[in-house]
Structures are given as C-alpha cells and as structure tokens.
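Structure, as structure tokens:
The values are calculated or read from the model by the stated rules, or taken from the named source; none is laboratory data. The shown structure was predicted, so the numbers you read here are calculated from the model rather than taken from an experiment. Reconstructed Cβ throughout: ideal geometry from the backbone, glycine too, with neighbour counts over all protein chains shown.
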Amino acid sequence: MRERFLELTQLNKTYDTPTGPAVIVQDVNVRMHEGEFICLIGQSGCGKSTVLSMVMGLNEPTLGGVILDGREVSGPGTDRGVVFQAPALLPWRTARDNVLLAVDQVQGRQPRAVRKQLAERYLALVGLEDVADRYPKALSAGMQQRVGIARAFALEPKVLLLDEPFSLLDALTRMELQDELMRLWEEERKTVMMVTHDVDEALLLADRIVMMTRGPAATVGDILSVPFARPRCRIAVQSHPDYYPLRDHLLAFLEDSLCQTASAC
C-alpha cells in the first residue's frame with residue numbers, strides 16, 4: 001500500500017467577478033494513501049464539489065495542484081472513475097452498452113466479445129446481470145446509479161471520485177447502495193474520495209472525514225479518523241461506543257460553520 005498516493009497541495013480556486021476576485025477554496029491540503037476511503041463534508045457552498053472537480057481534472061486550480069500516483073493531474077483521465085449525483089446514462093444505450101463505453105476506453109484492443117463480457121462482469125458486481133439489455137428508462141433510479149457505479153469501476157481507475165452519488169435517492173435505496181458500495185470497496189480496495197453532506201453516511205463509509213470550513217475561501221478545518229473496524233456492518237457501527245461522540249463532533253463542526261455563516265450575513 002503506497003502512502004501519499006493522492007496529494008492535494010495548497011489548492012486554491014478563484015474566479016474573477018465584476019466586484020473583484022471570488023475565492024472559493026484556498027490552501028486545501030489532503031494526503032491519501034492507496035486504498036483509503038475519505039469523505040469530504042461541509043455546509044453547502046463550502047467548495048467540496050469544487051475540490052473534487054479539480055481532482056477530476058475538470059476544473060483547473062488557480063494555485064496548487066493534485067498529484068495522483070506520482071503524476072500531476074492536468075485534465076480528465078481514465079485513471080479517475082467518477083460518479084455524480086445523477087447517473088448520466090445515455091438513454092439510447094442499454095445498461096450493458098453504457099458500461100461498455102468505459103470498458104472500451106481501457107480495453108479497446110480486446111475483441112468485442114471480451115469487452116462485452118467485461119461489461120457484464122461489472123454489471124454483475126452491482127447485482128444487475130439480469131437487466132443488461134434494458135434501457136435506462138426501464139430502470140429505477142437506484143438501478144441507474146448502480147449502472148453508473150459499474151461504469152466507473154469498469155475503467156479500473158486508480159481513484160474513485162464520488163460527488164454525493166446517493167443524495168437524490170429515497171432513504172431505503174440510499175442505504176442499499178451504501179451497503180453495496182461498502183461491499184465493492186472491500187472487494188476492490190479502490191482509493192475513494194467522496195463528497196457527502198450526510199454525517200451518518202460519512203461515518204459508515206470513510207476511514208477519515210475531511211471537514212471543510214464555511215465558504216467563501218473555504219479550507220480544511222479538521223480531519224477526523226474513523227476507528228470502526230472493517231469489514232463494516234451498519235448495525236455494528238451505529239452501536240459502537242464511539243459512534244455518537246464522533247457524530248456529535250461532526251454535527252457541532254457543521255453547526256458552528258452554519259452559525260459563522262449566519263453571523264457574517
């Protein structure tokens with residue numbers, strides 16, 4: 001397991017506006033080792049998704065940079081698998097063909113039959129082997145997001161980047177996909193950076209939780225190590241004696257950020 005596998009160093013993002021520079025995030029420093037699962041949390045508008053978009057290579061830092069496995073991130077790449085809030089599937093392609101798009105990116109020289117089998121394998125990993133020939137409109141929201149997760153894993157990325165992937169789902173489906181993600185992570189041990197606003201979700205999934213201060217000019221306010229043993233079970237995590245003290249610590253941080261924002265307005 002390599003340390004300093006993903007490094008965010010003095011990240012700053014500033015936009016020019018008619019009233020002067022708008023600093024969204026500044027001096028963000030995070031070090032992740034290979035196979036680690038980190039969640040970014042913070043109030044709305046604190047720059048969580050901005051940080052993630054810079055790791056994706058979709059948003060160029062104003063200052064600082066991102067290093068992945070010893071190489072600087074300078075744009076999008078197949079070494080990063082991405083799952084957004086909405087699954088963003090192509091509606092005219094079947095579930096298999098949506099996953100096949102990712103397989104083609106990294107296994108393009110393989111015969112089509114082999115690539116098709118790989119796409120079906122990743123669908124099977126998320127429990128969708130029986131719906132490979134269905135189009136997105138015939139799938140539930142949770143199933144569509146499973147296809148999106150399968151597509152991200154099919155890239156065989158070095159790091160998986162998740163931008164609130166379950167926030168648009170109902171509570172039961174959300175819990176099912178959290179459990180599914182935990183199972184996949186145990187099997188694949190991908191390095192994962194996930195944005196969430198859900199404290200319970202972060203405590204269930206993460207090894208460490210990076211807490212962002214209020215925006216604008218947000219930065220890392222604190223980093224919390226999550227002590228729960230893996231593999232994890234939801235009931236065992238929530239019954240752990242440290243669960244509620246850690247939960248209270250996270251909520252207190254978020255409430256303090258909200259109070260600071262309110263007093264500044």
Helices (runs of 4 or more DSSP H) (entirely within the range 160-265) containing at least 3 residues that are crowded, with 16+ Cβ neighbours inside 10 Å: 171-188, 199-205, 243-264
Select from the range 14-29 the residues that are assigned to a strand (DSSP E or B), more than 28 Å from residue 188 (Cβ to Cβ) and not hydroxyl-bearing (Ser, Thr, Tyr) and list them in ascending order. 16, 20, 21, 22, 23, 24, 25, 26, 27
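So that you can scan it fast, the table gives a plain yes or no per residue for (1) at pLDDT 95 or above; (2) exposed (fewer than 15 other Cβ atoms within 10 Å of the Cβ); (3) not assigned by TED's automatic domain parsing to the domain that holds residue 196:
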| residue | (1), (2), (3) |
| --- | --- |
| 70 | no, yes, no |
| 84 | no, no, yes |
| 95 | yes, no, yes |
| 107 | no, no, yes |
| 124 | no, yes, yes |
For the range 46-81, what are the residues that are under 17 Å from the mean Cα position of the chain (by Cα) and over 26 Å from residue 153 (Cα atoms)? 46
What residue, among those in the range 5-29 that are in contact (Cβ under 8 Å) with a residue 40 or more places away in the chain and either farther than 16 Å from residue 215 by Cβ or not assigned by TED's automatic domain parsing to the domain that holds residue 218 (or both), is surrounded by the most Cβ atoms within 10 Å (Cβ to Cβ)? 6
Within the range 33-52, is even one residue among the hydrophobic types (A, V, I, L, M, F, W, C), buried (at least 22 other Cβ atoms within 10 Å of the Cβ) and either farther than 30 Å from residue 187 by Cα or not assigned by TED's automatic domain parsing to the domain that holds residue 190 (or both)? yes
So is residue 140 surrounded by fewer than 19 Cβ atoms within 10 Å (Cβ to Cβ) and either acidic (Asp, Glu) or without any contact (Cβ under 8 Å) to a residue 60 or more places away in the chain (or both) or not? yes
Failed condition for residue 135, given (1) over 16 Å from the mean Cα position of the chain (by Cα); (2) at pLDDT below 95, with all others met? (2)
If residue 78 satisfies all but one of (1) touching a Pro at 6+ places or on another chain (Cβ under 7 Å); (2) at pLDDT 95 or above, what's the number of the condition it fails? (2)
Restricting attention to the range 144-189, report how many residues are modelled with pLDDT of 95 or more and over 17 Å from the mean Cα position of the chain (by Cα). 0
Scan the range 1-11 and give yes if some residue there is modelled with pLDDT under 95, closer than 30 Å to residue 231 by Cβ and part of a helix (DSSP H, G or I), otherwise no. no
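Of the residues 187, 201, 164, which is touching a residue at least 40 places away in the same chain (Cβ under 8 Å) and farther than 16 Å from residue 85 by Cβ?
Residue meeting the stated conditions: 187.
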